[in-house]
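Here is the structure we will look at.
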Amino acid sequence: MWLQTSCDFTFDITVPTPFVLMLRPRSNSHQWIAFEKYKVVPSVPVYEFTDIYGNLCQRLVAPVGSFAIYTSAKVMTADFIEEAPGAPFVPIENLPESALIYLLPSRYCEAERFCNMATEITADALPGYNQVSAITAWIRENIRFESYDSHNLVSAIEVNIRQSGVCRDLAHLAIAMCRSLSIPARMVVGYLHELEPMDLHAWFEVYVGDRWYAFDATQPFMRAGYVVIGYGRDAADVAVYNQFGPALSPSSQNVRVIKINNAAL
């Protein structure tokens, strides 16, 4: 499936403000970036680096006044999301070193607080993929998905208490429960074709059966159309922008994902 993604932000800057952005998807085994465009207005020096999770990040200082960021990409993604019911739990001693960090509690995923709850939810599931499926189904049935209030970052404990949250919050709760069962789990941020309402999206992946598999508690089932921008332990690692100084929110934000054919490339 070929998709064209775009994400545009405009900020009203009152003092020179440092930003760290994470807005460039990267090619990997699940997606290929055929073309991309990245523009900041007014033009300022931009320094790019790769963070400890392999995400492409950009550093800049936004000047006073209106500051806009325009990004777009043409991406070839898989025609379906691979699923593997029965994929086994991987013993800790057999995990790749790169997965070990995703076993630990993190700022928004207090894994140590969910062991009893996760064990109860997955009591009848085979260890591994089926446990994650049971957790995802429980969240779909018991935690109300909301598409607003995304500026208030809350942890898995708070999501479970209030029984509602945006996509990022539901992913935090799922990740915390998976880690409590010693299943590596990581946050993913990016795009989803035909997401309603359209916005940037968050879901999660787990390491079972010797590879990573995607899950999304906000959707009734997994389908094609996901484009990954970044991976991390939780939302603190995968913010598409971090600004340093007086608190800022975009004065405008526009996200689009459209399906295209080969002739449009």
Distance in nm between pseudo-label sites at Thr50 and Ala224 (7 Å out along the Cβ direction from Cα): 2.9
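Excluding the sites themselves, what is the longest stretch of the chain that contains no chymotrypsin sites (Phe, Trp or Tyr not before Pro) in a DSSP loop with at most 15 other C-beta atoms within 10 Å?
Formally, the longest exposed-site-free interval is 1-79.
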With at most 12 other Cβ atoms within 10 Å, longest stretch of the chain clear of loop GluC sites (Glu not before Pro) (DSSP): 83-193
Trypsin sites (Lys or Arg not before Pro) restricted to the stretch 107-200 and DSSP loop, no more than 13 other C-beta within 10 Å: Arg107
20 Å reach of a label modelled at Gln253, 7 Å along Cα-to-Cβ, counting backbone N of the stretch 219-247: 219, 226-247
Calculated FRET value between Arg59 and Asp210, using beta carbons and R₀ = 25 Å, to 0.05: 0.10
Global form of the stretch 161-200, assessed from the alpha-carbon gyration tensor, a/c cut-off 1.5: oblate
5 angstrom amide H check on Asp234, placed H, neighbours 5+ away: Met187
Calculated from backbone phi, Karplus (6.51, -1.76, 1.60) coupling profile of the stretch 93-103 in Hz, x at Gly/Pro: 5, 9, 6, x, 4, 5, 8, 5, 4, 8, 9
Degrees between helix 167-180 axis and first principal axis of the chain (Cα, 0 to 90, nearest 10): 40
For the chain: rounded, prolate or oblate by the Cα gyration tensor [a/c cutoff 1.5]: prolate
Long-range amide H partners of Arg211 with built H, under 5 Å: none
Over the stretch 92-232: Kirkwood hydrodynamic radius from C-alpha pairwise inverse distances, Å: 15.0
Sequence of Lys37, Lys259 once ranked by neighbouring C-beta atoms within 10 Å, starting from the fewest: Lys37, Lys259
Relative contact order of the stretch 92-232, pairs being alpha-carbon contacts under 8 Å that are 6 or more residues apart, as %: 26
Relative contact order (percent, whole number), the chain, Cα cutoff 8 Å, 6+ residue spacing: 29
The stretch 101-163 shape via C-alpha gyration tensor axes, a/c threshold 1.5: oblate
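All of the numbers you see were taken from the coordinates with simple rules; none came from a lab. Fair warning: this is a prediction, and the values are worked out from it, not measured in the lab. Neighbour counts run over all protein chains shown; Cβ positions are idealised from the backbone, glycine included.
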